[in-house]
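Q: The structure under discussion is supplied below as C-alpha cells; questions concerning it will follow.
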Amino acid sequence: MEELDIWNGAVSARPAVVRRCHDIDEVRDALRQAAAEGLPLAVRGGGHDWAGRAVRQDGLVIDLRGLRTVLIDGDVARVGGGATAADLIAAAAPAGKSAATGTVGGVGMAGLTLGGGYGPLCGIAGLAADNLLSAEVVLADGTVVTASDGSRPELFWALRGGGGNFGVVTSMVIRLQPIPLVYGGTILFPFTQAPDVLAGFGELVASASDELTAQTGVISAPDGTPVLFVKPTWSSTPDEGAHWIKRIEDLGEPIMSSVTTMDYGEPLRRGDEAFARDGRHYACRTRNLAALTPDVAQALVTAATARTSPLSALSLHHFHGAATRVPVTSTAFGLRREHFMVEILASWRPGEGDEAAHRRWADTTADLLEPLALPGGYPNMLAGEHRDQTAHAYGPNAERLAAVKKEFDPDGVFVATPLPDRL
C-alpha cells in the first residue's frame, strides 16, 4: 500500500498487480491484462479517495501518476489524468490564471472533476465539473474516445458529475479563470459562540455576492479542544472583500483572524496540512443541508462536542452563485439548488483510541443530520453501503446515467463512485 500512496491509511486492500502507465497505449494494455486475467479494476489518479476505490483487493490498479503533465494554452489547461489540483494551479499561476479546484492540493483533478468538485471558486466559477471542456477516455474495450459537447455528448454529460464510472480519463481540457490572486484566510471563533456564529453565517452568505465563497466548520485548537472556523475566499479586489470579512468577524468575537491577499495555491497548501497524507486513518460521511438554520447549527454543535478524536472535523462547503445557475439536467450532477455540503471527517492515528468508536461518530453524526438534510449526498463522499443516500445522489439524472453506463461500460468494469442500485 505504501507504494500506492493512498491518502486514507485505513484502506487495507492489497492489489495483485499495479500498472504504472505513462501513455494511452500502456493504459490500453493494462485494461487488456485485467480482462484476460479476470482481475477487478481500479484507477489511481490523485490517490485521495477516502473509500479506497483507487485500489481493489487482489485486483489490478492502473496508476496514472505517470500522466501528471499540465500544459497551459491561453484560457485552458490540458491536464493529465494523474495530475493533482496543486499541479494545475502551479502551472497556471505564471500565466496569471487559476482554476476551479477543491480545497486540498493533493486531490486528483480527474476524480474531483468527474464527481463534481466543490471549492473556493464555486460562487464565481461553479463546480470543477462545470469547467470541464473535454476529456480523453479509454473505454473498457481499449477504444479511445474524446468526450465533449461536439463528440460523444452523452458521455461528456455523464462525466460531469457522474464520476469515473465510464472509462479511464487520461487527459482533460479545463477552463481557466482570470484570477491570479484571492483575498482569503482563516477566522477562528470560540466554540461557545458556535450556535450564534453558524446561524449568523448562514444568513450572511445567503446574501453574499458570487465572489465570496466561504467554508465553515469545526476543527481542533492545538490543545485538542474544538474551535469554529470560517475560511472565506474573495475572488475580486481586496477592498471589496474587506467589507465581507468584517461582516464575518462581527458574527462573534474571533480568537484569530488572518485574512490577506494570497496566490490561489496557498489555501490548497493549507488544506494539505490540515488533512495530511501521513498514514492517519479516515472514515467519512456527508449530508446536504438546505440552510444553516438554528436547529442545524445546534445539531452541528452537538456532533462536534461528541468527537472521539481531536483530528476529526466537520466542514461545510457553500454551494451557491454560478454553480446554481447550471440547469440540473445539463450535467450529471444531481443538486443545483443552493445548499451546504457537509463533510463529516472522522480521523485518528493508528492505535489512538477505539477505531470502532471513531467510525461510529461519523455514522452517528450523519444520522443526527438526516432529518434536517436534503435527500441524497455528494457522490465523491459516499461509500457503496450508503444506499439510502446513493439512491437520491444524482437527483433527476439517475435514469439517464444508467443508459450511459450501459452504452459505454456494459460489463460494469469501472466503479469509481457509488451508483444507485438501479444502475
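The values are calculated or read from the model by the stated rules, or taken from the named source; none is laboratory data. Note that the coordinates shown come from a computational prediction; the quantities given were computed from them, not determined experimentally. Every residue, glycine as well, gets a Cβ built from its backbone with ideal geometry; the counts of neighbours run over all protein chains shown.
Q: Scan Val145, Val76 and give me the residue that is touching a residue at least 24 places away in the same chain (Cβ under 8 Å) and closer than 29 Å to Glu407 by Cβ. Show your work before the answer.
A: Numbers: Val145 fails: touching a residue at least 24 places away in the same chain (Cβ under 8 Å).
That would be Val76, the only listed residue that is touching a residue at least 24 places away in the same chain (Cβ under 8 Å) and closer than 29 Å to Glu407 by Cβ.
Q: From the list Arg360, Arg336, Arg387, which residue is touching a helix residue (DSSP H, G or I) at 6+ places or on another chain (Cβ under 8 Å) and of a type outside the set (A, V, I, L, M, F, W, C)?
A: Of the residues listed, the single one that is touching a helix residue (DSSP H, G or I) at 6+ places or on another chain (Cβ under 8 Å) and of a type outside the set (A, V, I, L, M, F, W, C) is Arg336.
Q: I've got another one for you. Among residues belonging to region 169-178 that are more than 12 Å from Met109 (Cβ to Cβ) and in contact with a Leu (Cβ under 7 Å, 6 or more places away or on another chain), point out the one that is surrounded by the most Cβ atoms within 10 Å (Cβ to Cβ).
A: It comes out as Thr170.
Q: Consider Leu369 carefully, then state whether it is surrounded by 13 or more Cβ atoms within 10 Å (Cβ to Cβ), in contact with a Lys or Arg (Cβ under 8 Å, 6 or more places away or on another chain) and farther than 22 Å from Ala129 by Cβ.
A: Details: surrounded by 13 or more Cβ atoms within 10 Å (Cβ to Cβ): yes; in contact with a Lys or Arg (Cβ under 8 Å, 6 or more places away or on another chain): yes; farther than 22 Å from Ala129 by Cβ: yes.
Spelling it out, Leu369 is indeed surrounded by 13 or more Cβ atoms within 10 Å (Cβ to Cβ), in contact with a Lys or Arg (Cβ under 8 Å, 6 or more places away or on another chain) and farther than 22 Å from Ala129 by Cβ.
Q: Name the single residue that is surrounded by the most Cβ atoms within 10 Å (Cβ to Cβ) among those in region 378-423 being among the acidic types (Asp, Glu) and within 15 Å of Leu41 (Cβ to Cβ).
A: Going through the qualifying residues, I end up with Asp409.
Q: Select from region 114-136 the residues that are free of Cβ contacts under 8 Å to residues at least 60 places away in the same chain and β-branched (Val, Ile, Thr) and list them in ascending order.
A: Correct list: empty.
Q: Quick check on my filter: what residues within region 52-101 are touching a helix residue (DSSP H, G or I) at 6+ places or on another chain (Cβ under 8 Å), closer than 24 Å to Trp234 by Cβ and surrounded by 20 or more Cβ atoms within 10 Å (Cβ to Cβ)?
A: Selection gives Ala77, Ala85, Ala86, Leu88, Ile89, Ser98, Ala99, Ala100, Thr101.
Q: Determine if region 23-43 includes at least one residue that is within 26 Å of Leu311 (Cα to Cα) and touching a helix residue (DSSP H, G or I) at 6+ places or on another chain (Cβ under 8 Å).
A: no
Q: Could you count how many residues in region 113-128 are within 11 Å of the chain's Cα centre (by Cα) and within 19 Å of Arg269 (Cβ to Cβ)?
A: Here the count works out to 4.
Q: Name, by its number, the condition in (1) in a strand (DSSP E or B); (2) more than 28 Å from Phe156 (Cβ to Cβ) that does not hold for Met341.
A: (2)
Q: Mind checking which residues of region 278-312 are among the small types (Gly, Ala, Ser), closer than 17 Å to Pro195 by Cβ and not in a loop (DSSP other than H, G, I, E, B)? Give the steps one after another, and end with the answer.
A: Within region 278-312, the first condition is being among the small types (Gly, Ala, Ser), and the residues that meet it are 279, 283, 290-291, 297, 299, 303-304, 306, 309, 312.
Now narrow it down to the ones that are closer than 17 Å to Pro195 by Cβ: 291, 297, 299, 303-304, 306.
Ala297, Ala299, Ala303, Ala304 - these are the residues of region 278-312 that are among the small types (Gly, Ala, Ser), closer than 17 Å to Pro195 by Cβ and not in a loop (DSSP other than H, G, I, E, B).
Q: Evaluate region 365-378: report whether one residue or more is in contact (Cβ under 8 Å) with a residue 40 or more places away in the chain and either in the same structural domain as Trp7 (by TED's automatic domain parsing) or among the hydroxyl-bearing types (Ser, Thr, Tyr) (or both).
A: Checked region 365-378: at least one residue is in contact (Cβ under 8 Å) with a residue 40 or more places away in the chain and either in the same structural domain as Trp7 (by TED's automatic domain parsing) or among the hydroxyl-bearing types (Ser, Thr, Tyr) (or both).
Q: Among the residues of region 182-202, how many are under 25 Å from Ser236 (Cα atoms) and either among the small types (Gly, Ala, Ser) or modelled with pLDDT under 95 (or both)?
A: Within region 182-202, residues that are under 25 Å from Ser236 (Cα atoms) and either among the small types (Gly, Ala, Ser) or modelled with pLDDT under 95 (or both) number 4.
Table: residues versus (1) among the β-branched types (Val, Ile, Thr); (2) under 26 Å from Leu300 (Cα atoms); (3) in contact (Cβ under 8 Å) with a residue 40 or more places away in the chain.
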residue	(1), (2), (3)
Gly217	no, yes, yes
Ser220	no, yes, yes
Asp223	no, yes, no
Thr233	yes, yes, yes
Gly241	no, no, yes
Ser257	no, yes, yes
Pro267	no, yes, yes
Arg280	no, yes, yes
Ala283	no, yes, yes
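Q: Scanning region 403-423 for residues that are modelled with pLDDT under 95 and of a type in the set (Gly, Ala, Ser), which turns out farthest from Gly163 (Cα to Cα)?
A: Gly412
Q: Scan region 135-163 for residues that are charged (D, E, K, R) and within 22 Å of Gly38 (Cα to Cα) and jot them down.
A: Asp141
Q: Can you tell me which condition Ser209 does not meet? The list is (1) assigned by TED's automatic domain parsing to the domain that holds Gly82; (2) among the small types (Gly, Ala, Ser); (3) touching a residue at least 12 places away in the same chain (Cβ under 8 Å), and all the others hold.
A: Against the list (1) assigned by TED's automatic domain parsing to the domain that holds Gly82; (2) among the small types (Gly, Ala, Ser); (3) touching a residue at least 12 places away in the same chain (Cβ under 8 Å), Ser209 comes up short only on (1).
Q: Here is a list: Ala135, Ala110. Which entry is under 25 Å from Val27 (Cα atoms) and either more than 16 Å from the chain's Cα centre (by Cα) or modelled with pLDDT under 95 (or both)? Working first, answer last.
A: Details: Ala110 fails: either more than 16 Å from the chain's Cα centre (by Cα) or modelled with pLDDT under 95 (or both).
After ruling out the rest, the residue left standing is Ala135.
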